[in-house]
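The values are calculated or read from the model by the stated rules, or taken from the named source; none is laboratory data. Keep in mind that what you see is a predicted model, and the values were worked out from it rather than measured. When we count neighbours, we look across all protein chains shown, and the Cβ atoms used for this are built from the backbone with ideal geometry, even at glycine. When the accessible area is computed, the model is the full protein with side chains, heavy atoms only, and any ligands, DNA or RNA have been set aside. Shrake-Rupley method; radii C 1.70, N 1.55, O 1.52, S 1.80 Å.
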Amino acid sequence: RSLYFKNIILEKVKSERVKNILDAGSGIGTYSFWLCKIFPNAKIIGKDFDRNKINFSNKFAKELGFKKIDFYYQDISKAYNNKLKYDLIVNIDVLEHIKNYKKVLKFFYQQLSNGGFLYIHTPQPNQERIFNQLKAWHHEDHVREGFVVRGLIKELRDLGFKIIEVKHTFGFFGKLAWEINHILLEKSFILSGFFYPFLILLSLLDSRIENKKGLGVAILVRK
């Protein structure tokens, strides 16, 4: 997931124009911390509705010595008054958890500066599995299985976004790596660690080829 993100952001977003970044649904801050390194002059704000993750992220940021990053508790599906405009908003594997996602996309458009970027990663529906033991697997916190790519692109265009990049993620090699890792983790953490280098190679390959379909989709748009 992070490989697709890094490849697209590095190739398409110029660091000199990015001054303010919002990580909408920041979790434990993984992507926020990476953004700190890529955009050292930018102010980064992470928002999440899990207070424990916010507390952890702020503590970890302090330990890492990142001074231009802060994490705040907030439900991104609710409107709020904020005059600050962002040059980049990232929203990674969050939309599938939100019932009224269209309202969230509208909020993102309003919060972006003119010419600002929005990066979204989210699952696609009708996911096919390689291994039989995972055919019934599903994420309990999802309110929908995923998004049809064409439909999501149309909704973004209707809001006024310009499509910059669309990439099907977790194609065959990425899906294979994800499923093997998932099965191994259930059996043994040590075994999973042993196979990790092989899984990374599969993921690197998947992130560099053009998948015709995938478990997820990465979309970069511009206001």
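When each of ASN81, ASN58 is tested for being open to solvent by 20 Å² or more (accessible area, probe 1.4 Å) and more than 24 Å from PHE33 (Cα to Cα), the lone residue that passes is ASN81. Of the helices (runs of 4 or more DSSP H) lying entirely inside the range 123-223, those carrying at least 1 residues that are among the basic types (Lys, Arg) and surrounded by 13 or more Cβ atoms within 10 Å (Cβ to Cβ) are 172-187.
Quick grid of which residues meet (1) touching a helix residue (DSSP H, G or I) at 6+ places or on another chain (Cβ under 9 Å); (2) not in a loop (DSSP other than H, G, I, E, B):
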| position | (1), (2) |
| --- | --- |
| TYR31 | yes, yes |
| GLY46 | yes, yes |
| TYR80 | yes, no |
| LEU84 | yes, no |
| ASP87 | yes, yes |
| ASN114 | no, yes |
| LEU118 | yes, yes |
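Does ASN91 fit the bill of being open to solvent by 10 Å² or more (accessible area, probe 1.4 Å) and either outside any loop (DSSP other than H, G, I, E, B) or more than 20 Å from ALA218 (Cβ to Cβ) (or both)? Even if it seems obvious, please write down each step before you answer.
Working: open to solvent by 10 Å² or more (accessible area, probe 1.4 Å): no; either outside any loop (DSSP other than H, G, I, E, B) or more than 20 Å from ALA218 (Cβ to Cβ) (or both): yes.
Answer is no for this residue.
Only residues in the range 198-223 that are closer than 17 Å to LYS162 by Cα and at pLDDT 95 or above count as the first member; pair them with residues that are acidic (Asp, Glu) and open to solvent by 20 Å² or more (accessible area, probe 1.4 Å), Cβ under 8 angstrom, at least 6 apart or cross-chain, and list the lot. If the second residue must be acidic (Asp, Glu) and open to solvent by 20 Å² or more (accessible area, probe 1.4 Å), the pairs left are ALA218/GLU165; ILE219/GLU165; LEU220/GLU165.
Of the candidates LYS106, LYS67, the single residue that is without any contact (Cβ under 8 Å) to a residue 60 or more places away in the chain, outside any helix (DSSP H, G or I) and open to solvent by 90 Å² or more (accessible area, probe 1.4 Å) is LYS67. Residue pairs whose Cβ atoms lie under 7 Å apart, sitting 6 or more positions apart in sequence or on different chains, and linking a residue in the range 155-175 that is under 25 Å from LYS14 (Cα atoms) and at pLDDT 95 or above to a partner that is of a type in the set (Gly, Ala, Ser) and crowded, with 16+ Cβ neighbours inside 10 Å, are LYS167/ALA218; HIS168/GLY214; THR169/GLY214; THR169/GLY216; THR169/ALA218.
Quick check on ASN52: is it of a type in the set (S, T, N, Q), within 23 Å of LEU220 (Cβ to Cβ) and either open to solvent by 60 Å² or more (accessible area, probe 1.4 Å) or over 19 Å from the mean Cα position of the chain (by Cα) (or both)? Show your work before the answer.
Values: of a type in the set (S, T, N, Q): yes; within 23 Å of LEU220 (Cβ to Cβ): no; either open to solvent by 60 Å² or more (accessible area, probe 1.4 Å) or over 19 Å from the mean Cα position of the chain (by Cα) (or both): yes.
Judged against the criteria, ASN52 is not a match.
Could you say whether any residue in the range 74-84 is more than 26 Å from ARG144 (Cβ to Cβ), among the charged types (D, E, K, R) and over 17 Å from the mean Cα position of the chain (by Cα)? It would help to see each step written out before you state the result.
Initial filter on the range 74-84 (more than 26 Å from ARG144 (Cβ to Cβ)): 81-84.
Narrowing further to those that are among the charged types (D, E, K, R): 83.
Checking which are over 17 Å from the mean Cα position of the chain (by Cα) leaves us with 83.
Looking for residues that are more than 26 Å from ARG144 (Cβ to Cβ), among the charged types (D, E, K, R) and over 17 Å from the mean Cα position of the chain (by Cα), one finds at least one in the range 74-84, hence yes.
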